Structure formats: structure tokens, C-alpha cells
Amino acid sequence: MAVPALSDVEEVLAALRALGKPGNLAGMARFAIRTEHAFGVGTPALRALSKRLGRDHARALRLWDTGVREARLLAAMTADPSAMTRRQMERWARDLDSWDVCDGCCLDLFRKTPFAWEKALAWSARKPEFVKRAGFALMATLAVHDKAAPHRKFLALLPVIERESTDERNFVKKAVNWALRQIGKRDPRLRGAALRTSARLRKSESRSARWIGSDALRELRLP
């Protein structure tokens, strides 16, 4: 569909409604995505719209404030990482209530900010489920995308992963596992360290830690 020039948040919301497919909502819910404030817009359509919009940090902040799922994903895609402040990151993290928006923020925005490593470590120790998930989602996305980061920074994350591996909450333990696997895939030396961490976790008394270690071992071991 042709989308008109978009100059304010209400026009963006109208475009999102037009792109929405209510029939998608049931499928999203089956994947544990919160749909109370969602239009059912798929990721390809969101990314195409974000390219047309371009970066506009002030507009992104207003989009986030709408509370609409797709508007928040679009906010993460179009905010300016260099303009994002610690306070804004903390506020957005507190607002997180669904894994897809959490991971989208980490992939599209948070990892690109000057505070990505700082927040990954800080949030990993927080209590709220999706703030903690964001800490480990950041670790995972940094492992993939931060090509300049030194080896030692990722090694330093492994004790944090081990420390938090006993959290039984589904969206936390899956993110801890994700971070461990991505660190192990980064290079052969980190793979060895991640395998050793995984082996220890597999012997843990914690059911969550055992699952994290066993799943990571299956993926990181050579065929």
C-alpha cells in the first residue's frame, strides 16, 4: 500500500493501523507476545516503514510513549543511538513487558548506544523480568555485532551468566542461554570458555542452570 508522507506521531499510528493485520494477533499470542496494545504488523512491514521514516529521536520518544507494540518497535528502529541518554534507557527498560519489544530494543537501539556494556551488566542484576532479560539480550547482541570489543570483555560476562543462571523465569533463563551461546560462537577461544561454563551449569542443583548448560552444550559442541 502507498503510505503518505509521515510528519507526526498520529500519522505514524494511522499508518501502523492501516498496515496491521488483526488476524496476526492470535499467532503472536501463541508465541507469548503481548497483544493488548498491538495492531498485528509484521517485522518486514515495520522495517520498511522505518526506512521511509528515517531517524528522528524526538519522534521516537513520542512513539514509545504511545504504549503501542508496533510504535515501540518502530521507536527503537528510528531513535538516534547517540542521542539516547542513560535516563531514557532506564525508562524504556522499566516499560518493557514483552520479550519481542525487549529484544527489538536491544538489537536495534540499545546495543548501539555508548552505554550498552554498562547497561548489560547493570540490568543483568536487576529483579524485574524484562529488565533482566534486556541485560542478557544485550550481551547476546553485542557478542554478534560488536566486532571491535576485546576478548576479555566477553570472558568477563561468563561469571555473570553463571551467577544468574538459577533464575527460573522463562524469559530470563532463555536470554541467559542466548547470551552464553552467542558468546561461545564468537571465536574459538570464547567457545572453549563457554563450553566450560556450560559443563558446570549442567551439573548445577538448579533446574534452570542445568537446562541452560545442557542446551548450550548441544549447540556449541562440534558435530
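The values are calculated or read from the model by the stated rules, or taken from the named source; none is laboratory data. Just so it is clear, the model here is predicted, and its values are computed rather than measured. Here the Cβ positions follow ideal geometry from the backbone for every residue, glycine too, while neighbour counts run over all protein chains shown. Ligands, DNA and RNA are excluded from the accessible area calculation, which covers all protein heavy atoms including side chains. Shrake-Rupley method; radii C 1.70, N 1.55, O 1.52, S 1.80 Å.
Values for this structure:
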| item | result |
| --- | --- |
| Mean accessible surface per residue for the chain, computed with a 1.4 Å probe while every protein chain stays in place, in Å² | 48 |
| Top positive-direction residue, dipole computed over the stretch 91-192 with Cβ charges, set P159, W99, A175 | P159 |
| Point-charge dipole on Cβ atoms (K/R +1, D/E -1) for the chain, about Cα centre, debye to 20 | 1040 |
| Ranked packing of 76-86, 104-114, most packed first, by mean Cβ within 10 Å | 104-114, 76-86 |
| Per-peptide average of other Cβ atoms within 10 Å, ordering 128-140, 26-38, 177-189, 87-99 highest first | 128-140, 177-189, 87-99, 26-38 |
| 10 Å binning of all Cα-Cα separations within the stretch 97-223, expressed as whole percents from 0 upward | 15, 49, 32, 4 |
| Label-to-label distance, nm, for residues given as H37 and V144 (7 Å Cα→Cβ offset) | 2.6 |
| Relative contact order computed over the stretch 1-104 (Cα-Cα under 8 Å; 6+ residues apart), in percent | 25 |
| Among (1) 11.8; (2) 28.5; (3) 12.8, the entry derived from the coordinates for mean projected area of the Cα convex hull in nm² | (3) |
